[in-house]
Amino acid sequence: MNRSYYSAEKSDFIKTSPEAIFGTLARHYDFALEGPQKRAWSFQIEHLKKVLGELPSGYLFLEFEIPRIGRRADAILVVEGVIFILEYKYGASHYDQSSIDQVIDYALDLKNFHAGSHHVPIVPVLVATNAPPKTWTCEFSQDRVANILLANETSLSDLLISGLDLIKAPPLSPAAWANSVYQPTPTIVEAAQALYRGHRVSSIARSDAGAINLTRTASCVTQIIDEAKRDGKKALCLITGVPGAGKTLAGLNIATERMRTDQASHAVFLSGNDPLVKVLREALAIDAMEQSKISMGRSSLRKGDVRRKAHTFIQNIRHFRDDNYEADAPPVEKVVVFDEAQRAWHQEQLSSFMLRKRGVPSFDLSEPEFLLSVMDRHTDWCCVICLVGGGQEINTGEAGMVEWLSALESGFPHWSIHCSSQIQNPEYDWTNDLSARLRRLGANIQPDLHLAVSLRSFRAEHVSAFVGALIIGDAGKARNLYGEVSRYPMVVTRKLQ
């Protein structure tokens, strides 16, 4: 695994010719290599040869990948168990705030998402080559990330030597550090872009012991889809998860995976969240144009064409519903992913909407019933994947999970249903016991269809479980979990004032 364009022990770096090092960097560079970048690299190589010559030891990485931010740090220096992140601003005469923020972001990203950096001291350093010298003190926060240090061309060596005198850390294997697990938690826009480009979900999500089931969930759903296709069956798959567990990310991954491996299946991601749909579509179109420029040197795509492709991949549930109301034929899609499925409308709400907004009288189906009837037009196979949040039916007319089960019971008994045992928990339907219905439907219980760990709040993985236990009145479970979350400020009250 090469996270950097170039890496070497201090002694090897110093004795290797600048031309050879420059050539290694250039071979890895994906863009047109222009004058400013050439001059910056040439300066950094010569300057770092002098700086490392004054240090007792060290291992150097040049152009080290910071995936969470999508950029590369100019240089990372591992010396005596300390990580120095060096960001050069060649020719800069002052320390501007955007550059300071850039280096701090690198340091925090490594600390939070790079396993090898969790317990080691990290020192971010901005090197503005022509700026005036600055006095400095090295102070660490509780997470062992130091305040940013500011250096110029002449002061960097003294800064590093003095810093090493102050910082004591156990020895560190540079290779093991660099190659340790690095799986960031992206924003949903970043995740959608990465998946749309063809990255696997395992490469963009954390893979510690808790969050690994995001990948397992994807594998489980893929198996369910493949079996439905092989056997000519129709399947409903319910993916549950704690708040922030990555349900939308899992859904996007399923849709992109089918698009990549089985284009004839025509998967679609449906959401009633119109702002999310618009943002994701535009983000995918912009990113596709940018990726085309990077690979071709110019964009070979028309934005209108790119947008149309994104529109077929991510759709508003209302548009999908209206389009299929007008048609009798089965939709082109064989795999439909329904985000926030617990918020689908019951029959009264959908009937009212269809009358007021579409002029359709006497519409007598709930949203789950109608969506299943549309997909049931397929004569061979199809799969509907519902992403389900517990206790999140927040608007008038939102039916919750009971409506999906009722629809299967009344009209689609030939469909198979797959879910985790968590769907039987009270937060998924406070007024109904879903266990009996699931038994009657012959539900296939599969643990990997539950996302148990919050990716959004990766430092508070037990908080959601604690709150859930508290709300349902499971005092014993809540008491046990509280030991894991007691450092978070919490108040339990029935009187907000």
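The values are calculated or read from the model by the stated rules, or taken from the named source; none is laboratory data. None of the values given here were measured: they were computed from a predicted structure. Cβ atoms come from the backbone with ideal geometry, glycine included; neighbour counts cover every protein chain shown. Remember, those area values only see protein heavy atoms, side chains included, never the ligands or the DNA or RNA. Shrake-Rupley method; radii C 1.70, N 1.55, O 1.52, S 1.80 Å.
A few points about this structure:
- Residue-count net charge about S99 - beta-carbon cut-off 15 Å; Lys, Arg +1, Asp, Glu -1: -1
- Rounded to the nearest 20, the Cβ-based charge dipole of segment 1-134 about its Cα centre (Lys and Arg +1, Asp and Glu -1) stands at 100 debye.
- Net dipole in debye of segment 10-82 [+1 Lys, Arg Cβ; -1 Asp, Glu Cβ; about Cα centre; nearest 20]: 60 debye
- Selection of GluC sites (Glu not before Pro), segment 15-103, meeting DSSP coil and at most 10 other Cβ within 10 Å: E34
- Counting heavy atoms of the protein chains alone, F31 has an accessible area of about 110 Å² for a 1.4 Å probe.
- For Y88, the shell of other residues with beta-carbons less than 13 Å away shows a net charge of -2, using +1 for Lys and Arg and -1 for Asp and Glu.
- Rg/Rh for the chain stands at 1.05; both radii use Cα atoms, and Rh follows the Kirkwood definition.
- Restricting the calculation to Cα atoms, segment 91-136 yields a radius of gyration followed by a Dmax of 12.7, 36 Å.
- Solvent-accessible heavy-atom area per residue, rounded to whole Å², over the chain at 1.4 Å: 47 Å²
- With every protein chain in place and a 1.4 angstrom probe, the accessible-area ranking of T24, T396, largest first, reads T396, T24.
- Sequence ranges 2-10, 118-126, ranked by mean other-Cβ count within 10 angstrom, highest first: 118-126, 2-10
- As a fraction of the 1.4 Å probe accessible area of the chain, surface on carbon and sulfur atoms comes out at 50 percent.
- About the centre of its Cα atoms, segment 120-178 shows a dipole size close to 100 debye [charges on the beta carbon of Lys, Arg (+1) and Asp, Glu (-1) only; nearest 20 debye].
- Kirkwood-based shape ratio for segment 29-121, expressed as Rg/Rh from alpha carbons: 0.96
- Beta bridges per DSSP with both ends in the chain, % antiparallel, nearest 5: 35 percent
- Heavy-atom accessible area with a 1.4 Å probe sorts D226, D339, largest first, into D226, D339.
- Dipole of the chain, positive direction: furthest Cα of N425, M289, H311, with charges on the beta-carbon: M289
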